[in-house]
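This report concerns only the one structure given below.
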Amino acid sequence: MIYVHVPFCKSFCTYCGFYSEVCRQPSQMEECIANICREAALRRDEMAASADMDTLYIGGGTPSVLPLSLFSRLVRALPPGPYGEFTVEVNPEDIVEKGVSYVRELLDLGVGRISMGVQSFDDGILRWMNRRHDADRARKAFRILREAGVGNISIDLIFGLSHLSDELWEKTVDEALELAPEHISCYQLSVEEGSALEKLIADGRYREASEEQCRRQYDLLCRKLAAAGFRHYEVSNFARPGFEARHNSAYWRRVPYVGLGPGAHSLLPGGRIRRWNADTVPVYTATEEHLTDEDIRVEALMLALRTDRGIAGADLARLADPAAVERLRSAGAIVPVAERSSIPGDRYRIPEDHFFVSDEIIRELL
Ligand code: SF4
């Protein structure tokens with residue numbers, strides 16, 4: 001698994017807490033990409049050594065702000081593949097501006113999956129989020145991706161804004177389904193440290209949505225996507241069968257990965273050392289931390305129990321508080337996973353109707 005962080009955006013979204021810079025000078029992007037290529041060369045053995053290096057994910061930031069020449073230089077600096085899954089994150093306005101030929105060039109470079117940040121199909125909500133696109137551009141971008149031949153598209157949506165009515169949310173979900181993407185990632189608005197939203201709240205200019213409103217919107221989403229044939233395979237992720245994200249699914253199983261670029265994290269083979277790059281451009285340095293048994297226990301439980309494949313019975317017994325497991329099993333908040341060809345037996349999960357409170361359930365197990 002290789003992750004590359006492209007830390008540039010054209011503007012900042014109200015809710016965003018990811019590391020990114022507004023790029024004002026092309027030379028800054030060039031220098032940063034040159035440094036990521038240098039890092040890739042230095043870590044070539046590390047990437048080649050892992051048997052699990054079959055997914056490549058280029059995220060950010062907004063990788064689609066890179067000129068094609070820079071994007072292609074970056075891809076050519078990475079192991080040549082082919083990858084079982086090669087995803088690039090894009091924003092709708094870049095796809096509309098650059099058009100079908102740009103997307104075809106991405107496909108020629110080996111990209112097979114596109115993850116597009118749509119977030120909403122309501123122009124008022126998009127303006128509040130400080131997104132650069134409107135709903136028409138999101139629809140147009142989606143059509144361009146299809147016209148270019150992208151057969152695996154994921155779109156991101158956000159719910160749980162206090163000024164997002166249930167009716168508007170339902171309309172948004174319906175519009176997303178009309179486009180017929182293969183995958184939908186859907187996140188509840190959260191207040192990230194350092195985001196513009198954090199400041200709006202501190203200044204009394206935004207009041208967070210109530211838990212009941214968020215729950216209603218999440219339930220509506222789960223109902224509609226289940227009826228449309230999506231598998232709810234992780235708390236925030238839904239896929240048509242066979243289109244579950246391989247990269248993220250491996251991350252949730254704590255498969256080691258190599259993260260390149262400013263702000264990127266890596267989990268080294270053995271799963272006991274985390275390395276992360278400083279979030280500075282264009283030059284960045286790396287720091288390492290040895291994970292304790294307790295860090296690994298908490299991470300393993302948290303990641304596994306947010307998915308529909310859950311956790312092996314033996315691991316649940318080894319990692320979780322036995323009294324809490326007993327309590328939660330009697331309350332129906334932890335249930336056996338129904339055996340399926342893709343999921344082996346003797347596993348336990350949080351059922352879908354408890355996904356909304358998964359954080360509390362996991363806290364109790366710790
Ligand atoms: S949400 Fe995406 S596009 Fe918006 S600021 Fe964050 S990284 Fe950039």
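The values are calculated or read from the model by the stated rules, or taken from the named source; none is laboratory data. Quick caveat, the model's predicted, so the values are computed rather than measured. With ideal geometry, Cβ positions are generated from the backbone for all residues, glycine too; neighbour counts draw on all protein chains shown. Surface accessibility is based on the protein's heavy atoms, side chains included, excluding ligands, DNA and RNA. Shrake-Rupley method; radii C 1.70, N 1.55, O 1.52, S 1.80 Å.
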| request: Working only within region 186-230, note down all residues that are touching a helix residue (DSSP H, G or I) at 6+ places or on another chain (Cβ under 9 Å) and among the basic types (Lys, Arg). | output: Arg205, Arg207, Arg215, Arg216, Lys224
| task | May I ask you to list the residues in region 57-70 that are assigned to a helix (DSSP H, G or I), within 16 Å of the ligand (Cβ to nearest atom) and of a type outside the set (A, V, I, L, M)? | result | Pro63, Ser64
| Are there any pairs, at least 6 apart or on different chains, whose C-beta atoms fall under 6 Å, with the first in region 80-95 and in contact (Cβ under 8 Å) with a residue 60 or more places away in the chain and the second aromatic (Phe, Trp, Tyr), and if so, which? | Thr87/Tyr57
| task | Kindly indicate whether any position in region 33-56 is within 16 Å of the ligand (Cβ to nearest atom) and surrounded by 14 or more Cβ atoms within 10 Å (Cβ to Cβ). | result | no
| said: Condition first: at pLDDT 95 or above and at positive phi. Now tell me which residues in region 165-196 satisfy that. | reply: Ala180
| All positions within region 80-97 that are open to solvent by 10 Å² or more (accessible area, probe 1.4 Å) and within 16 Å of the ligand (Cβ to nearest atom) | Glu89, Asn91, Val96, Glu97
| note | The residue that is most open to solvent (accessible area, probe 1.4 Å), considering only those in region 1-21 that are over 12 Å from Glu89 (Cβ atoms) and more than 9 Å from the ligand (Cβ to nearest atom), is Glu21
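Glu167 - would you say it is assigned to a helix (DSSP H, G or I), over 26 Å from Phe243 (Cα atoms), open to solvent by 50 Å² or more (accessible area, probe 1.4 Å) and of a type in the set (D, E, K, R)?
Considered against the rule, which asks whether it is assigned to a helix (DSSP H, G or I), over 26 Å from Phe243 (Cα atoms), open to solvent by 50 Å² or more (accessible area, probe 1.4 Å) and of a type in the set (D, E, K, R), Glu167 comes out as yes.
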| Residue count, region 138-164 (criterion: open to solvent by 40 Å² or more (accessible area, probe 1.4 Å) and within 24 Å of Phe243 (Cβ to Cβ)) | 7
| message | Exactly one of these conditions fails for Ser101: (1) within 15 Å of the ligand (Cβ to nearest atom); (2) assigned to a helix (DSSP H, G or I); (3) hydroxyl-bearing (Ser, Thr, Tyr). Give me its number. | response | (1)
| task | Pairs only if they're at least six apart or on different chains, beta carbon under 6 angstrom, first in region 9-22 and in the same structural domain as Ala209 (by TED's automatic domain parsing) and part of a loop (DSSP other than H, G, I, E, B), second within 6 Å of the ligand (Cβ to nearest atom) and open to solvent by less than 40 Å² (accessible area, probe 1.4 Å); list them, first residue then second. | result | Ser20/Cys9; Ser20/Gly61
| said: It is to be established whether one or more residues within region 192-208 are closer than 30 Å to Val100 by Cα, free of Cβ contacts under 8 Å to residues at least 60 places away in the same chain and β-branched (Val, Ile, Thr). | reply: no
| task | Would you be able to tell me the number of residues in region 68-79 that are modelled with pLDDT under 95 and open to solvent by 50 Å² or more (accessible area, probe 1.4 Å)? | result | 0
| said: Yes or no: region 307-317 includes at least one residue that is in contact (Cβ under 8 Å) with a residue 24 or more places away in the chain, open to solvent by 40 Å² or more (accessible area, probe 1.4 Å) and touching a Lys or Arg at 6+ places or on another chain (Cβ under 8 Å). | reply: yes
| field | The one condition in (1) away from the ligand (no atom under 15 Å from the Cβ); (2) touching a helix residue (DSSP H, G or I) at 6+ places or on another chain (Cβ under 9 Å); (3) open to solvent by 40 Å² or more (accessible area, probe 1.4 Å) that Asn130 fails to fulfil | value | (1)
| query | Is region 349-356 home to any residue that is assigned to a loop (DSSP other than H, G, I, E, B) and under 27 Å from Gly242 (Cα atoms)? | reply | yes
| said: With the requirement that a residue be more than 21 Å from Gly263 (Cα to Cα) and among the acidic types (Asp, Glu), what does region 51-103 give you? | reply: Asp52, Asp54, Glu85, Glu93, Asp94, Glu97
| said: Whether any residue in region 110-127 is part of a loop (DSSP other than H, G, I, E, B), among the small types (Gly, Ala, Ser), buried (at least 21 other Cβ atoms within 10 Å of the Cβ) and within 13 Å of the ligand (Cβ to nearest atom) is what I want to check. | reply: yes
